[in-house]
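One structure is given here, and the rest of the page talks about it.
Each value in this text was obtained by applying a stated rule to the coordinates, not by laboratory testing. A quick note: this is a predicted structure, and the numbers were derived from the prediction, not measured. Don't worry about glycine lacking a Cβ; one is built from the backbone with ideal geometry, like all the others, and counts go over all protein chains shown.
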Amino acid sequence: MIRIDIISAVPDALESPLNTSINYRGQNKGHVEIYVHNLRDYAHDKHKMIDDKPFSGGAGMLLKPEPFFECIEKLMKERSYDHIIFPTPRGKLFDQKSANKFSLAKNIIFACGHYKGIDERVFEQFATDEISIGNYVLSGGELPALVMIDSIIRLIPGVLNDSESALNDSLMDGDRIEAPCYTRPAEFRGIKVPDVLLSGNDKKINEWKEEQSNKLTENWKQINSSE
Ligand code: 6GU
């Protein structure tokens with residue numbers, strides 16, 4: 001059982017993705033517990049302010065330190081956390097290896113920024129991991145947290161059933177792209193499924209898959225190389 005705590009200024013943005021599909025199943029089957037904390041509940045001034053202007057000037061608001069400190073310290077008193085992850089574009093790029101690592105944890109916090117960012121003292125005090133999900137700009141850490149959580153939950157033993165298992169064909173397994181796949185009908189609008197897949201010859205089918213996988217993997221490497 002993994003416990004995941006998510007701290008967010010827009011908790012509604014997390015609701016539906018966390019309660020659908022594999023994320024729902026992971027929780028329903030008792031493999032993962034997810035708790036969402038509204039940052040605003042940890043603002044104690046009379047206007048419940050969670051953001052303020054940066055000292056450096058310029059446009060945009062920053063999330064203030066006090067609510068994060070209060071919320072994270074409260075959680076840390078209750079249990080110890082293996083990872084306190086801050087989704088941020090300046091972080092280490094997320095990949096399958098990171099997902100594998102996080103899936104072995106017992107307790108994880110995702111602390112999501114919004115607006116222009118978070119007061120630096122929050123990172124200094126609590127961040128064990130600063131993670132980016134790619135080199136592009138998003139408006140907050142909620143979608144990145146959801147991306148990471150999805151990839152983590154599907155790795156927990158028992159969440160996926162056998163036919164979905166990460167050990168079987170997945171679209172991408174490590175640095176390999178799997179062969180294309182087809183289902184019925186064998187011919188659709190005149191477009192046929194490759195004959196070999198209908199042959200019943202397992203050896204031939206496996207050779208075909210291997211060959212297709214090699215081709216797609218080569219292509220994938222080429223279209224993703226920065227040269
Ligand atoms: Cl983790 N946060 C934000 N705001 N933007 C991003 C990102 C994270 N990863 C890529 N872009």
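Among the trypsin sites (Lys or Arg not before Pro) in the range 122-227, those placed in a DSSP loop whose Cβ has at most 13 other Cβ atoms within 10 Å are Arg189. Looking at the range 175-225, the pairs of alpha carbons with a distance over 13 Å make up 62% of the total. Placing a pseudo-label 7 Å from each Cα along the Cα-to-Cβ vector at Glu33 and Met1 gives an inter-label distance of 0.5 nm. Principal semi-axes of the equivalent ellipsoid, √(5λ) from the alpha carbon gyration tensor of the range 101-206, are 42, 18, 11 Å from largest down. Expressed in Å, the radius of gyration and Dmax of the Cα atoms of the range 1-96 are 15.7, 49.
A simple spin-label model places the labels of Ser56 and Glu124 1.4 nm from each other, with each point 7 Å out along Cα-to-Cβ. Structure remark: mean-square fluctuation, Gaussian network model of the chain, C-alpha springs under 10 Å; the largest value among Phe123, Phe188, Phe55 belongs to Phe188. For the pairs Lys101/Lys215; Lys46/Lys106; Lys64/Lys106; Lys92/Lys221; Lys77/Lys106; Lys48/Lys116, flag any whose C-alpha to C-alpha distance is greater than 25 Å. Long pairs (Cα-Cα over 25 Å): Lys101/Lys215; Lys46/Lys106; Lys64/Lys106.
Among Trp220, Trp208, sorting on how many other beta-carbon atoms sit within 10 Å of each Cβ, with the fewest leading, yields Trp220, Trp208. Taking amide H positions as placed 1.01 Å from N in the peptide plane, with prolines and chain starts having none, which residues 5 or more places from His37, or on another chain, fall under 5 Å of its amide H? Residues meeting the amide H criterion: Ile6, Ile7, Ser8.
In the chain, Cα pairs under 8 Å separated by at least six residues give a relative contact order of 20 percent. Taking every alpha-carbon pair under 8 Å whose residues sit at least 6 apart, the range 175-225 reaches a relative contact order of 55 percent. Its Cα gyration tensor gives the chain an equivalent ellipsoid; the semi-axes, largest first and in whole Å, are 42, 20, 15.
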